[in-house]
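A.B. asks: First the structure, which I've put down as structure tokens, then a few questions once you've had a look.
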Amino acid sequence: MADKKIIAVLGSTGSQGGGLVRAILADPAGGFAARAVTRDVSKDKAKALKSAGAEVVKADLDDVESLKKAFAGAHGVYAVTNFWEHFSREKEKVQAKNVADAAKAAGVKHVIWSTLEDIRKFMKPDDKRMPILQQKYRVPHFDAKAEANASFSGLPTTFLVTSFYWDNLYMFGLAPKKGEDGKLAWTFPMGTAKMAGIAAEDIGKVAYGIFKGGKEYIGKTVGVMGEALTIEQMGQTLAKVIGAGPVKYNAVEADVYRSFGFPGADEMGNMFQAYRDFAKEMLANRSVDTARKLNPSLQSFEQFVTKQKAAIKTAMGV
């Protein structure tokens, strides 16, 4: 590892970070080494990364001193936070600052911060279409990530704007389900708008491409997606690949979706509404071509569904 540039990867046992660690390990001649940072080095996913050749170290996003130790000697840091673990935007901003402070202390040469837009910039403060959440946000897990961009000021940073994970079909249970009539259906407040989506592992591969590009991407904002599709189009692809019959799309208003009552329903209702109401802006901020340049193996939605067919079928209950 001494002759390779070490990339300290946060979220290494999760979707984005795990994808980056695997991308680095899959390219042994690439000049980079993976340091997987995790709170629990004893978990199965951490052990699997170690077995695959990654250095695994313990650190906590809430403990800046542990992050400084984890970043020591590293060339780069992949910074990502997980809102869905605690549902707190304020906590996520503190964690982002901890990461930035630790990266500064370690003197790293390249940071990639996984971020999103501030949806409030698309709306006037008195706009009633979408409720305010957590006192001051429209879509907390978007807005606060954008606010946290400021923490990385002065660092050699690439701001990576990601997209909706297609993996949410099975990770978050968003796949179509059979109703009482035995037919597959799903419900979203997306209307006929196209939503930017991507396979989570492709985000990691894109990040690896950015680290390989180095100075070319420092100080830049890079927005990526795998494909932009309507919910109707996604359902048609699922029906084609899974082969369990047609998928009915129940298009509802965002207020209806927010009322469903599951944890995070208001947050997700606002998120889908943002993808719908500001589709032009959201799609303009993301590029399939850029993603493919950085990750030549970028998957389309159909390729993703084909690859994850078993997991999606289980989530669909078919």
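Conditions (1) assigned to a strand (DSSP E or B); (2) among the β-branched types (V, I, T); (3) modelled with pLDDT of 95 or more; (4) buried (at least 23 other Cβ atoms within 10 Å of the Cβ), marked per residue:
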{"position": "I6", "(1), (2), (3), (4)": "yes, yes, yes, no"}
{"position": "G11", "(1), (2), (3), (4)": "no, no, no, yes"}
{"position": "K45", "(1), (2), (3), (4)": "no, no, no, no"}
{"position": "S66", "(1), (2), (3), (4)": "no, no, yes, no"}
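A.B. asks: A further question follows. Between T192, T158, which is among the hydroxyl-bearing types (S, T, Y), in contact with a Lys or Arg (Cβ under 7 Å, 6 or more places away or on another chain) and either in a strand (DSSP E or B) or at pLDDT 95 or above (or both)?
C.D. replies: Every option except T158 fails the conditions.
A.B. asks: Hey, another quick one. Is there a residue in region 167-186 that is hydroxyl-bearing (S, T, Y), surrounded by fewer than 19 Cβ atoms within 10 Å (Cβ to Cβ) and part of a helix (DSSP H, G or I)?
C.D. replies: yes
A.B. asks: At pLDDT below 95, crowded, with 19+ Cβ neighbours inside 10 Å and within 30 Å of S297 (Cβ to Cβ): does that describe F142?
C.D. replies: yes
Yes or no, residue by residue, for (1) part of a loop (DSSP other than H, G, I, E, B); (2) open to solvent by 30 Å² or more (accessible area, probe 1.4 Å); (3) closer than 19 Å to A193 by Cβ; (4) touching a Gly at 6+ places or on another chain (Cβ under 9 Å):
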| position | (1), (2), (3), (4) |
| --- | --- |
| V222 | no, no, no, no |
| T237 | no, no, yes, no |
| V256 | no, yes, yes, yes |
| P263 | yes, yes, no, no |
| N270 | no, no, yes, no |
| Y275 | no, no, yes, no |
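A.B. asks: Further question on the same structure: Specify the residue that is nearest to the chain's Cα centre (by Cα); the eligible residues are those in region 187-196 that are open to solvent by 10 Å² or more (accessible area, probe 1.4 Å) and over 19 Å from D266 (Cβ atoms).
C.D. replies: K194
A.B. asks: Give just the number: which of (1) under 18 Å from E92 (Cβ atoms); (2) modelled with pLDDT of 95 or more; (3) more than 18 Å from the chain's Cα centre (by Cα) does S153 not satisfy?
C.D. replies: It is condition (2) that S153 fails.
A.B. asks: Checking the structure you have, find out if any residue of region 99-109 is within 30 Å of Y275 (Cα to Cα) and out of contact with any His (no Cβ under 6 Å at 6 or more places or on another chain).
C.D. replies: Yes; the residues of region 99-109 include at least one that is within 30 Å of Y275 (Cα to Cα) and out of contact with any His (no Cβ under 6 Å at 6 or more places or on another chain).
A.B. asks: When residues of region 203-220 are filtered for being in a helix (DSSP H, G or I) and either in contact with a helix residue (DSSP H, G or I) (Cβ under 7 Å, 6 or more places away or on another chain) or not charged (D, E, K, R) (or both), how many remain?
C.D. replies: Residues that pass the stated criteria total 12.
A.B. asks: Right, another one. Among the residues in region 94-111, are any under 23 Å from the mean Cα position of the chain (by Cα), at pLDDT below 95 and small (G, A, S)?
C.D. replies: yes
The values are calculated or read from the model by the stated rules, or taken from the named source; none is laboratory data. Predicted model, so just to flag it, every value in this text is computed and none were measured. Please note: Cβ atoms are built from the backbone with ideal geometry, for glycine as well, and neighbour counts cover all protein chains shown. The protein model used for the area step is the full one, side chains on, heavy atoms only, and it has no ligands, DNA or RNA in it. Shrake-Rupley method; radii C 1.70, N 1.55, O 1.52, S 1.80 Å.
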